1. Kindly list, by first and then second residue, each pair from a residue in the stretch A:30-43 that is within 14 Å of chain B (Cβ to nearest Cβ) to a residue that is assigned to a strand (DSSP E or B), limited to pairs with Cβ atoms under 8 Å and residues at least 6 apart or on different chains.
2. Which residues, taken from the stretch A:135-176, are among the basic types (Lys, Arg) and closer than 19 Å to A:Leu44 by Cα?
3. Is at least one residue of the stretch A:116-137 in a helix (DSSP H, G or I), modelled with pLDDT of 90 or more and touching a Phe, Trp or Tyr at 6+ places or on another chain (Cβ under 9 Å)?
4. Checking the condition assigned by TED's automatic domain parsing to the domain that holds A:Glu15 and either β-branched (Val, Ile, Thr) or farther than 30 Å from A:Gly10 by Cα (or both), which residue from A:Ile112, A:Ile100, A:Ile143, A:Ile84 passes?
5. Conditions first: (1) modelled with pLDDT under 90; (2) in contact with a Leu (Cβ under 9 Å, 6 or more places away or on another chain); (3) crowded, with 17+ Cβ neighbours inside 10 Å. A:Glu169 passes all but one, so which condition is the exception?
6. Among the helices (runs of 4 or more DSSP H) contained in the stretch B:59-132, which hold 1 or more residues that are aliphatic (A, V, I, L, M) and within 19 Å of the chain's Cα centre (by Cα)?
7. Within the set of pairs 6+ apart or on separate chains, which have a first residue in the stretch B:293-306 that is in contact (Cβ under 8 Å) with a residue 60 or more places away in the chain and within 14 Å of chain A (Cβ to nearest Cβ), a second that is charged (D, E, K, R) and not in a loop (DSSP other than H, G, I, E, B), and C-beta atoms under 8 Å apart?
8. I'm trying to understand the selection: among the residues of the stretch A:93-113, which are modelled with pLDDT under 95 and away from chain B (no Cβ under 14 Å)?
Amino acid sequence: MAADIKFYLGIFDDEHKLLSATRAAQQSGFDIYDCYTPYAVHGLDQAMGLAHSKLGWIALFGGLLGFVVALHLQIWTSAYNWPINVGGKPYISLPAFIPITFELTVLLCGLIGLGGMITLGKLGPTLRPSVIGKHGCTSHRFILALRSYNQNLDLGAAHNLLLHHGAMECKWYEES
Amino acid sequence: MSSARRTLLLSVCVVTAAMLLWTYQQQPQRALGNVLMMLVILLGVVLGACFFIALQYLMKGAWAVVLRRIPEALTGLLPAAAALTVIVWLGHAQLYHWVHPHGDVLLEGKQVFLNMPFFTLRLLIYFSLWFLIIGRIVKHSRAQDEDGSPTHTFANVRWSAAYMIVFALSYSFASFDLVMSLEPHWFSTIFGVYNFAGAFLSALTVTTLLVIYYRRKDCFKDIQPVHVTFLAKLIFAFCIFWAYIWFSQFMLIWYSNIPEETVYFIPRMQGAWRPLFFANLALNWLVPFLGLLGYRAKRNIPWLVCVCMAVLAGRALDVYLMVMPPLSHGHGPQFGAVELLSLASIAALGLLFFKRTLHKHPLAPTHDPLFQESAQLHE
């Protein structure tokens, strides 16, 4: 049997109300599914209690990969596979390799970082918008979505909390 | 500032002056080289601090408004730099051998540019422009405290634009005149940018250290940890910029391997200079790059202070490597009491002028239109 997942939405007209409601919901132990806002609200990550992103490590990996690939490629081609004497310099001349090493480090760091961001954020063309685009959260509304898993949401408490922090409207939302 | 501390700082300067005079009797070039080093380091901090202010005005950067009085007070060190320039100018005959070009075909050819009257005129032009523009920017910023009018911000946007253009040209040429002409046979068009990269990095580190110090005092209660983090990010970015420019200068010369160009790097990469040459890269790039790469590193204040210290040592070493090799005539690097005292007296002289300027005016530019936005800075 599929789990019964529903969302209880608190709809706000102000980012400060959303922030205080989110902070309170996080402290009261509600299952915060997500927040939907027309623009990036500063401090929302901390309010939602999100863990620090792992994107930095992914980008570091990309950078190191680019660094190693570039150096390996240049050293292998110019000193082992087909040694070429350039201006009487040693076959392995690191200063000559640095520009390409730098560029590939930056390129792979950027591309793998971008891929990591899309993956971690579950973005991309396959994304099925859930609450996004409804209830005005792309233009003038701020939405806090609490998740109810097999009806485990304490509806009374959630409703009171949202209203207490200034929600204009509270409603159930089910993904079809 | 307590009078005991002021006396200590003043006595450091006096002892340094005496030490420099004594050194001048035996090794005039070494003494003058030290004065030139002090000048280049100090001037870099002053002009870099104003570059930082101008950058914020031009980009409408709100975040730095609460801490702007610190770089503003750093520009108060300009008279000290001017005084050191006078000493360097007086010692031109020993410092700059293009002053006596006779018999040297290359130098006789370069006399069109490298001659004393024009050199003096250029120095006068640089300093008058710097005094004028920096003076206007600081004056408008302070006047805003009195009347709270946003017109001062608009005026400063215009003066900042002027500063950017003037600074780009004048600092480049000042680097050619004061530092690069120590080796008048050699030339590098990127030299001014290279010196700027180090100068701005040092201005950022000095600003960061002062912000960290003053943040603990009540007078700067609007400065939050996030402001320090933003400065740390700029230090991180500009250590990469420094390495980029350093390498841009080095690689072209290394690649083409033409004697008239390699003459700059060969003495610096040989003998006892070699470890310093690589230590320069490590302190200015490797340490801040790896040290500030992590998320937590930029938010760990004691660690950030250590990295800033390393970068400042790196700036001193960078300037030492620009100035001293041509003045030591084939000897190895000399580092003794006079060099140590000169470095200490930059700090002493800097602090004396900084304190004098800082406490003249309110420490928070509360009437700046962007002040609230800056005080509520968030990552």
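The values are calculated or read from the model by the stated rules, or taken from the named source; none is laboratory data. On a predicted model such as this, the values are computed, not experimentally measured, just so you know. When we count neighbours, we look across all protein chains shown, and the Cβ atoms used for this are built from the backbone with ideal geometry, even at glycine.
1. A:Val41/A:Cys35; A:Val41/A:Phe142
2. Step one: of the stretch A:135-176, the residues among the basic types (Lys, Arg) are A:141, A:147, A:171.
Once the filter is applied, which keeps residues that are among the basic types (Lys, Arg) and closer than 19 Å to A:Leu44 by Cα, the stretch A:135-176 yields A:Arg141, A:Arg147.
3. Within the stretch A:116-137, one or more residues are in a helix (DSSP H, G or I), modelled with pLDDT of 90 or more and touching a Phe, Trp or Tyr at 6+ places or on another chain (Cβ under 9 Å).
4. Among A:Ile112, A:Ile100, A:Ile143, A:Ile84, only A:Ile143 is assigned by TED's automatic domain parsing to the domain that holds A:Glu15 and either β-branched (Val, Ile, Thr) or farther than 30 Å from A:Gly10 by Cα (or both).
5. It fails just one condition, (3).
6. On the way: elements: B:69-74, B:78-90, B:92-95, B:105-109.
Those helices (runs of 4 or more DSSP H) span B:69-74, B:78-90.
7. Between residues of the stretch B:293-306 that are in contact (Cβ under 8 Å) with a residue 60 or more places away in the chain and within 14 Å of chain A (Cβ to nearest Cβ) and residues that are charged (D, E, K, R) and not in a loop (DSSP other than H, G, I, E, B), the close pairs are B:Lys298/B:Lys233.
8. none
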